C-alpha cells in the first residue's frame, strides 16, 4: 500500500490585486490621519510658543497665561459637565424606550427623529437657546435666587435675560443628546438574546430583564457614548457664543449674568480683533482645548474597546 503525500501548500496565499489596493488605501488613510493630527499639534505648539515664553505683563489683562486660561478652562468644563449630567440620563432612557418598550413603527420613527437632531447646525441651536429657552428660564432663575440662594449654584442675583451658564449647559445637552442616545441604542440592541430570554423565562419583568441582562452589557458603551458627547460639548463654539453672557472670572453661580466664557467661544469672539501676541495667546488656549478633547476621546475609545472583553452568549 503506497501512501501519497499531499502537495505542500504555499506558505502565503497569493492575494488578489483588489485586496492589495484596499489594504494599501486603508493603511495610507490611517497614516494620513495620524500625520494630520501631528501637524495640528505641531502648529498649535509652534504658534503658542511666543505666548508660553512671553512676560506675563505682555499678555492680555497682564495676568499671565495661566491666569488667562484658567477661567476659560473652568467655563469650558463647567458647561460641558452640565450638558453631560442632563443629557446622559435622558439619552439612556430614550435608548431603552426605543429598544425595548416602543412599538416597532414608533421606535423606527423616534430613532430617525433623534438622529436628525445631530444634523441641525449649531447656529440654529444658538438661536433657539437665546430666543426661546433663555426667556423661558427667567422665571425659574428668579424663583431659585429667592428660595435656593443658600446653594452656591443659585446664589444670584438672577439674570433678567436668561443668558446664563445653566442655559448654555441645557443647549449643549440637547446638542449631544443624539450622540449618546444613538450609541446607547446600538449597544442595548446588541445585548445577548439568550440572556434576555433566560431572564424573562425565569419570571423577570421587563425592567428586571433590562437591569440584569441589558444594562450590565451596555454599561461600557453608554460611558463611551457619554465621553464622545462630552468631547462635542467641549469644542462647541457658535451656540455658546450666542447664548452665554460672559464676563470672565471663576464662579459656580449658574443663574447670574456673570459667567466665565469657554475656550472655543472666546477664540471665536476675540480672534477677529486680535493681533500679535494676543493671537498667540488665543492659540495657546486652543492648544489647551486640543489636549483636553484628545484626552477625552482617547478615554472614550478605551472604554468602548473594553466591550470586546465581554464573554456573553450571542
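When 64, 75, 129, 111 are screened for being touching a helix residue (DSSP H, G or I) at 6+ places or on another chain (Cβ under 8 Å) and without any contact (Cβ under 8 Å) to a residue 24 or more places away in the chain, only 64 passes. Determine whether residue 242 is crowded, with 16+ Cβ neighbours inside 10 Å and either under 30 Å from residue 294 (Cβ atoms) or without any contact (Cβ under 8 Å) to a residue 24 or more places away in the chain (or both). Considered against the rule, which asks whether it is crowded, with 16+ Cβ neighbours inside 10 Å and either under 30 Å from residue 294 (Cβ atoms) or without any contact (Cβ under 8 Å) to a residue 24 or more places away in the chain (or both), residue 242 comes out as yes. Scanning the stretch 23-36 for any residue that is in contact (Cβ under 8 Å) with a residue 60 or more places away in the chain and over 30 Å from residue 109 (Cβ atoms) turns up nothing. In the set (1) touching a residue at least 12 places away in the same chain (Cβ under 8 Å); (2) touching a helix residue (DSSP H, G or I) at 6+ places or on another chain (Cβ under 6 Å), residue 271 fails one condition alone, (1). Scanning the stretch 108-128 for residues that are modelled with pLDDT of 90 or more and within 20 Å of residue 88 (Cα to Cα) turns up just one, 125. Those helices (runs of 4 or more DSSP H) of the stretch 15-119 in which 1 or more residues are at positive phi and either surrounded by 11 or more Cβ atoms within 10 Å (Cβ to Cβ) or under 24 Å from the mean Cα position of the chain (by Cα) (or both) occupy 64-96.
When the test is whether a residue is crowded, with 19+ Cβ neighbours inside 10 Å and over 30 Å from residue 247 (Cβ atoms), residue 175 does not pass it.
Checking 231, 249 one by one, the residue that is under 26 Å from residue 299 (Cβ atoms) and either in contact with a helix residue (DSSP H, G or I) (Cβ under 6 Å, 6 or more places away or on another chain) or in contact (Cβ under 8 Å) with a residue 40 or more places away in the chain (or both) is 231 and no other. Only one entry in 308, 295 is exposed (fewer than 15 other Cβ atoms within 10 Å of the Cβ) and modelled with pLDDT under 80, namely 308.
The values are calculated or read from the model by the stated rules, or taken from the named source; none is laboratory data. As the structure is a prediction and not an experimental result, all values here were calculated from the model. Virtual Cβ from ideal backbone geometry, glycine too; neighbours counted across all protein chains shown.
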